[in-house]
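The values are calculated or read from the model by the stated rules, or taken from the named source; none is laboratory data. Keep in mind it's a predicted model, so treat the numbers as computed, not measured. Neighbour counts run over all protein chains shown; Cβ positions are idealised from the backbone, glycine included.
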Amino acid sequence: MNCYRKIAILYIEVRMPKTKVVIYQENSDKVPLLKWMAGLSDKAQNKCYALIERLAENGNDLRRPTCDYLDRNIWELRARSGNVHYRILYAFVGRNVVLLSNGCSKEKRVPKEELDRAVLNLKKYLQRPKTHTYKGVW
């Protein structure tokens, strides 16, 4: 007589809460990232919004080739259309992500000026988060 054992495997999927995405704004209520994105083609805009959504879903688990660590706590989201490389620079602040700056170039590297701007924007954001958080709909 054959004896069979029934083994129950309980699989529980534990998902981290969705990362909150915050967009940096200047003191003057200007939002450089959204202004830059408004000037992109529809195809490029869609790619950028899709990347932001993936970042919100995956947070710090997102890896290359979608994103990469640059320097001084700054990361980049990476999109490409033809020979143009679209970059959105961001930083993690607690569980949140702050989208700080942007770049669009034919080079494969983020220009130093853009990285410096993102570092400065992060510093401003950390000093006064409420002032530098975009509250509108995007």
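Contact annotation: residue pairs with Cβ atoms under 9 Å, 6 or more positions apart or on different chains, pairing a residue in segment 102-123 that is outside any loop (DSSP other than H, G, I, E, B) with a partner that is surrounded by fewer than 21 Cβ atoms within 10 Å (Cβ to Cβ) and among the polar types (S, T, N, Q), are Glu114/Ser105; Val119/Asn73; Leu122/Asn73. The set of residues from segment 83-104 being farther than 18 Å from Trp36 by Cβ and either at pLDDT 95 or above or of a type outside the set (D, E, K, R) (or both) comprises Asn83, Phe92, Val93, Gly94, Asn96. Pairs are defined by a Cβ separation below 7 Å, a sequence spacing of at least 6 or placement on different chains, a first member in segment 33-62 that is more than 14 Å from Tyr90 (Cα to Cα), and a second member that is surrounded by 12 or more Cβ atoms within 10 Å (Cβ to Cβ) and among the basic types (Lys, Arg); the pairs so defined are Glu57/Lys18. If you go through segment 59-68 one residue at a time, do you hit one that is β-branched (Val, Ile, Thr), outside any strand (DSSP E or B), under 13 Å from the mean Cα position of the chain (by Cα) and surrounded by fewer than 18 Cβ atoms within 10 Å (Cβ to Cβ)? Yes: segment 59-68 contains one or more residues that are β-branched (Val, Ile, Thr), outside any strand (DSSP E or B), under 13 Å from the mean Cα position of the chain (by Cα) and surrounded by fewer than 18 Cβ atoms within 10 Å (Cβ to Cβ).
State which residue is surrounded by the most Cβ atoms within 10 Å (Cβ to Cβ) when the search covers only segment 31-49 and only residues that are more than 10 Å from the chain's Cα centre (by Cα), hydrophobic (A, V, I, L, M, F, W, C) and within 14 Å of Trp138 (Cβ to Cβ). Working first, answer last.
Going through segment 31-49, the residues more than 10 Å from the chain's Cα centre (by Cα) turn out to be 31-47.
Subset that is hydrophobic (A, V, I, L, M, F, W, C): 31, 33-34, 36-38, 40, 44.
Checking which are within 14 Å of Trp138 (Cβ to Cβ) leaves us with 31, 33-34, 36-38, 40.
On the way: Val31: 18, Leu33: 22, Leu34: 15, Trp36: 16, Met37: 18, Ala38: 9, Leu40: 18.
Only one residue tops the list, namely Leu33.
Within segment 74-84, can one find any residue that is under 21 Å from Pro111 (Cα atoms), surrounded by 14 or more Cβ atoms within 10 Å (Cβ to Cβ), without any contact (Cβ under 8 Å) to a residue 12 or more places away in the chain and acidic (Asp, Glu)? Scanning segment 74-84, I find no residue that is under 21 Å from Pro111 (Cα atoms), surrounded by 14 or more Cβ atoms within 10 Å (Cβ to Cβ), without any contact (Cβ under 8 Å) to a residue 12 or more places away in the chain and acidic (Asp, Glu), so the answer is no.
A count restricted to segment 115-138 and to residues that are among the aliphatic types (A, V, I, L, M) and in contact with a Lys or Arg (Cβ under 6 Å, 6 or more places away or on another chain) stands at 1.
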